[in-house]
Each structure stands twice: as C-alpha cells, then as structure tokens.
Ligand code: SDX
C-alpha cells in the first residue's frame, strides 16, 4: 500500500504505510533492517552488504555481493558536464544545496530512468544513485575549498573511495587509517534506513506520482537538510563547541533546554519514535573511542566527547528529560566521529544523505514494485472559514 493518512485524537496527522524493510520499536529501542538487529549488522557487516540487504531483502552470497559491489564501483563516475555544474555554484554554497541540485539534474542525463515501471530501470537507477552520491559529495567539498576534483578509484572500497575523493590531491594520494575507513563504514550502516522518517516519506510521496527517481531522491535530500532531521548532526557539534568555548557549566545548557521562554534545544536529543535510547547512538558512542585513539592523546575532539558524555549524564538524570523520554539520538555522537575523521562541519548532513540514499531507494523500489501502487494524496482537517459572500473592494474597510 502506498500510504494513507490517519488522524489521531491529537489531530496530529501521522502518515503510515506498509513496509517490510525496517522495524523500529521506539519504546524498547529496537532497530532491525530486514529482521537483522542493527547491533549485529554494525558488528559483522559493511555498508555495501547492508545496501544489498535493504534493496533485495536478503543478505547476499559472496558471488551476489561481488556482482553488486562491481556494479556500484562501475557507476561512480559522473558525466563530465557535471564538473562544470558543480563548479558553477558559489564557492560558499552549502554542500547540501549542491547535492539537491546535482542529484535532481541527473534526471537530465538518465532520461531512461523515467520508465519507473520497469524493474530493470529501477534497479539501474538505484545502483547509479548509490554509486554517484559519494562522487557528488566529494566534488561539492573540493569545489568549496578550491581544490581539483578527484576521480573515483575502482580499486578502493566504498568508504575508502569516498575518503580518497575527499582528501587526495593530484600531488599526493590520501591513504586513510583502516580504523578511519571502518568508522565511516559504520556511520553509513547506522544511517542507511530508518522506516518512515521525514525524508523517506518525502521520497515515497514524490515517487508515488511516477516522477523520476532522481527527482524523488533530490526531494529527500532537501527534507533531510533541516536541523530537526538530518541537519542535527551539524547542529550538535556547533552546540558542543559553543559549550566548550563558553566555559559555562554543562548544567547551564540543560537548564536552558528546559526553559519554556528559551527556544533552546539540546541538539541530538529526543526523537519522534524512540522513547528510549536510540540504539544507533549507543553503538556510535562506543566507536568514538576507537576513532579518537587514531588521533593520539589530548586531541581536540576528546573534549567534545567528554562534554557530550557529561551532557548525557546530566540530562538522563533530569526529571524534565525523563518525563519526556528524551534520550540521545543517532546525531548526538555521530558528529564527533565525522569531525575526528576530518569531515568538515558543513559536510555532516551530506554524509547522512550518502548513507540514507539506499534507504530512500529501498522504500521507493518497494513502493513502485507494488502493482497496486497509487499516487499518495494526503487529506486535511479544514480549519478555515465556512462559505461566505464576496465583498467588493469599495465596501471593504
Ligand atoms: C533524526 O524520524 C527519524 O527516524 C529521524 C532520524 C532518522 O534516522 O531518519 O532518526 C534522524 O532526525 C533524529 C532527530 C534529530 N533532531 C534533533 O536532534 C533535533 C533536536 N530534537 C528535537 O527537535 C525533537 O526531539 C525532535 C524533532 C527530534 C522530535 O520532536 P517531537 O517528537 O515532535 O517532540 P516534540 O517537539 O513534540 O517535543 C516533546 C517535548 C516538548 O516539550 P513540551 O512541549 O512537552 O513541554 O520534548 C521537548 C519539547 O520541548 N523536547 C526537547 C527536545 N526535544 C523535544 N527539549 C529539549 N531538547 C530537545 N532536544
């Protein structure tokens, strides 16, 4: 079923649809992709294997994985005209603005993707998007710092290839610490899908009109950009850096978040579905230590992690937060890892989009593969005027 809108007593419209991809139990803090607990996938899998699982519903055999990985590897290149397109943005354009524009523009290069009822067309579009997001992301970063674009290297894995395109320069190839590659791959796994969140619902709604998958994914990127959603990881680091630089006690910020007259919120805290600890946050917080180890004692990010842990410790004991079931969410610690990897702040949500594109595509393919798929058409509760007569301009006061 595509989706229908139901109104709960609070008149909060909640969109809901049937899906077999991701299961969340917000009260118990459970997250599973195609039935596999996120903790086991984080421990044993990798992003490419998780992409296959989300798209096709089963863990791949070795040959299936090799074939899928080869397809992704061989679709990482962008049309050369895209270099000029990315290069045409102002140097200070937010990379998410570039992602929205360039991903949508892919529809102009792959017109064949408009036949969305052909399963082969859908699969090719999905592989192209998963493969090209890292290239577009890295090029938007290179554009912002005035360095030459770096082409994909087919000999590298997904995460390593992205880091290569981000940090290599013509005169020197970037060779990441394997622990850094593993940490980025973990971030990608944990952000890959999350049921009917705002951006996934946006992709479903857009795709339901039979629009190009590139247009639907571009719409999802736009929705993810907001600070209440995927933009929170960037906002968390800004919050932690403010706290560290202010010299104020952490308690001051917890008190601010409770003050109704102050619109201040603890970024990275709270969740519409999780009324328990976000299982992804628990996994990421542990991974922070491994990544910070690569930077050695006294690195500048340890203070951010210590501040985040202190914030969590105080908030979780506070009645205001307990009464509202406010716990750290996926964004609370992820930024510390991204910072430690060397990812610039304005690229944090781009990494989220790079990871989530497979979730968006899985939902899009599930929806478009349903023979009963129909366009989503939300209704409303009308709260405006009842019928009234028109008043001529000369009679209006
Ligand atoms: C993601 O949907 C998904 O699955 C999203 C995501 C995914 O993987 O796709 O998990 C990714 O978007 C995670 C969320 C990232 N956003 C943030 O961290 C921003 C900070 N968090 C909040 O803005 C808020 O918690 C939301 C947006 C995440 C959830 O908002 P809700 O469910 O609409 O909760 P609410 O705004 O109705 O708040 C309920 C109460 C309010 O107090 P009262 O009016 O009842 O007195 O909790 C308070 C809020 O003021 N509250 C917070 C708070 N979040 C909610 N108070 C302080 N700090 C916070 N962070």
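The values are calculated or read from the model by the stated rules, or taken from the named source; none is laboratory data. On a predicted model such as this, the values are computed, not experimentally measured, just so you know. For neighbour counting, all protein chains shown are included, and Cβ atoms are generated from backbone atoms with ideal geometry for every residue, glycine included.
Checking the structure you have, find out if any residue of the stretch 290-304 is within 19 Å of the chain's Cα centre (by Cα), more than 16 Å from the ligand (Cβ to nearest atom), surrounded by 17 or more Cβ atoms within 10 Å (Cβ to Cβ) and touching a residue at least 12 places away in the same chain (Cβ under 8 Å).
Within the stretch 290-304, not a single residue is within 19 Å of the chain's Cα centre (by Cα), more than 16 Å from the ligand (Cβ to nearest atom), surrounded by 17 or more Cβ atoms within 10 Å (Cβ to Cβ) and touching a residue at least 12 places away in the same chain (Cβ under 8 Å).
Look through 321, 332, 348 and report the one residue that is within 14 Å of the ligand (Cβ to nearest atom) and over 16 Å from residue 254 (Cβ atoms).
348
Is it true that some residue in the stretch 342-358 is in contact (Cβ under 8 Å) with a residue 12 or more places away in the chain and within 15 Å of residue 288 (Cα to Cα)?
Checked against the condition, which is being in contact (Cβ under 8 Å) with a residue 12 or more places away in the chain and within 15 Å of residue 288 (Cα to Cα), the stretch 342-358 yields at least one hit.
Can you name the number of the only condition in (1) closer than 21 Å to residue 346 by Cβ; (2) surrounded by fewer than 23 Cβ atoms within 10 Å (Cβ to Cβ); (3) within 14 Å of the ligand (Cβ to nearest atom) that residue 260 fails?
(1)
All but one of (1) over 27 Å from residue 93 (Cα atoms); (2) buried (at least 24 other Cβ atoms within 10 Å of the Cβ) hold for residue 213; which doesn't?
(1)
Does the stretch 54-74 contain at least one residue that is surrounded by 18 or more Cβ atoms within 10 Å (Cβ to Cβ), closer than 25 Å to residue 193 by Cβ and in contact with a strand residue (DSSP E or B) (Cβ under 8 Å, 6 or more places away or on another chain)?
Yes; the residues of the stretch 54-74 include at least one that is surrounded by 18 or more Cβ atoms within 10 Å (Cβ to Cβ), closer than 25 Å to residue 193 by Cβ and in contact with a strand residue (DSSP E or B) (Cβ under 8 Å, 6 or more places away or on another chain).
Residue check: is residue 59 over 22 Å from residue 213 (Cβ atoms) and touching a helix residue (DSSP H, G or I) at 6+ places or on another chain (Cβ under 9 Å)? Spell out how you get there, then give the answer.
On the way: over 22 Å from residue 213 (Cβ atoms): yes; touching a helix residue (DSSP H, G or I) at 6+ places or on another chain (Cβ under 9 Å): yes.
Answer is yes for this residue.
Out of 199, 212, which single residue is touching a helix residue (DSSP H, G or I) at 6+ places or on another chain (Cβ under 8 Å), in contact (Cβ under 8 Å) with a residue 60 or more places away in the chain and more than 16 Å from the ligand (Cβ to nearest atom)?
Going through 199, 212 in turn, just one is touching a helix residue (DSSP H, G or I) at 6+ places or on another chain (Cβ under 8 Å), in contact (Cβ under 8 Å) with a residue 60 or more places away in the chain and more than 16 Å from the ligand (Cβ to nearest atom): 212.
Which residues, counting only those in the stretch 230-257, are over 14 Å from the mean Cα position of the chain (by Cα) and within 6 Å of the ligand (Cβ to nearest atom)?
Of everything in the stretch 230-257, just one residue is over 14 Å from the mean Cα position of the chain (by Cα) and within 6 Å of the ligand (Cβ to nearest atom), namely 257.
Among the residues of the stretch 122-164 satisfying the criterion of being in a helix (DSSP H, G or I) and without any contact (Cβ under 8 Å) to a residue 40 or more places away in the chain, which is surrounded by the fewest Cβ atoms within 10 Å (Cβ to Cβ)? Give the derivation first.
Taking the stretch 122-164 first, the residues in a helix (DSSP H, G or I) are 122-145, 158-164.
Imposing the further condition that a residue be without any contact (Cβ under 8 Å) to a residue 40 or more places away in the chain reduces the set to 124, 138, 142, 145, 160, 164.
Values: 124: 17, 138: 26, 142: 20, 145: 8, 160: 19, 164: 21.
Only one residue fits best here, namely 145.
Go through the residues of the stretch 215-229 one by one and say whether even a single one is within 15 Å of the chain's Cα centre (by Cα), touching a residue at least 60 places away in the same chain (Cβ under 8 Å), under 14 Å from residue 335 (Cα atoms) and within 12 Å of the ligand (Cβ to nearest atom).
For the stretch 215-229, residues within 15 Å of the chain's Cα centre (by Cα), touching a residue at least 60 places away in the same chain (Cβ under 8 Å), under 14 Å from residue 335 (Cα atoms) and within 12 Å of the ligand (Cβ to nearest atom): absent.
Based on what the data block shows, is residue 330 surrounded by fewer than 23 Cβ atoms within 10 Å (Cβ to Cβ), closer than 20 Å to residue 192 by Cα and within 22 Å of the chain's Cα centre (by Cα)?
Against the criterion (surrounded by fewer than 23 Cβ atoms within 10 Å (Cβ to Cβ), closer than 20 Å to residue 192 by Cα and within 22 Å of the chain's Cα centre (by Cα)), residue 330 does not qualify.
Under 9 Å between Cβ atoms, which residue pairs at least 6 apart in sequence (or on different chains) link something in the stretch 180-194 that is over 14 Å from residue 48 (Cβ atoms) with a partner that is assigned to a loop (DSSP other than H, G, I, E, B) and modelled with pLDDT of 95 or more?
Note: pairs meeting the criteria are 193/21.
Within the stretch 182-196, track down each residue that is surrounded by fewer than 19 Cβ atoms within 10 Å (Cβ to Cβ) and more than 11 Å from the ligand (Cβ to nearest atom).
182
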